[in-house]
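To keep things clear, I will list the structure first and then write my remarks on it.
The values are calculated or read from the model by the stated rules, or taken from the named source; none is laboratory data. Computed from a prediction, not measured in an experiment: that's the story for all the values here. Positions of Cβ are generated from backbone atoms using ideal geometry, with glycine treated the same way; all protein chains shown enter the neighbour counts. Ligands, DNA and RNA are excluded from the accessible area calculation, which covers all protein heavy atoms including side chains. Shrake-Rupley method; radii C 1.70, N 1.55, O 1.52, S 1.80 Å.
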Amino acid sequence: MPRYYEDKEEDGRACGGVREDLRLCLLDSPCVLQEKKSPRQCLREGHCRSLQVTFFACKRSMVSAGWRARMRLCS
């Protein structure tokens, strides 16, 4: 189960729960802990890929919703 369902404060940002899960996944990964690489470098190497894809889809849905609303106003 994703960690953002646990007892936490809401950060108020779009996709905040998935963002937090991705951050924790990267910080707990062997790439960061054992190889001492930066979380950004580990993300580029493909660690926590499923959460990265989920986060991207969440952010894209936010952009798509705004775009659809603007297009309805223009029509």
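Rounded to the nearest whole Hz, the Karplus-based 3J(HN,Hα) values (6.51 cos²θ - 1.76 cosθ + 1.60, θ = phi - 60°) of the stretch 13-29 follow the sequence 8, 4, 6, x, x, 5, 4, 5, 4, 5, 4, 5, 4, 5, 5, 8, 6, with x at glycine and proline.
Highest mean packing comes first when the peptides 28-36, 41-49 are listed by Cβ atoms within 10 Å, giving 41-49, 28-36. Between the beta carbons of Ala14 and Glu45, assuming R0 = 25 Å, the FRET efficiency works out to 0.45 to the nearest 0.05.
Entry note, the stretch 16-58: relative contact order of 45 percent, from Cα contacts under 8 Å with a spacing of 6+ residues. Here the gap between Thr54 and Arg23, fully extended at 0.36 nm per residue and compared with their Cα-Cα distance, gives a gain of 9.9 nm.
Remark: the stretch 16-58 carries 63 Å² of accessible area per residue (probe radius 1.4 Å; ligands, DNA and RNA excluded).
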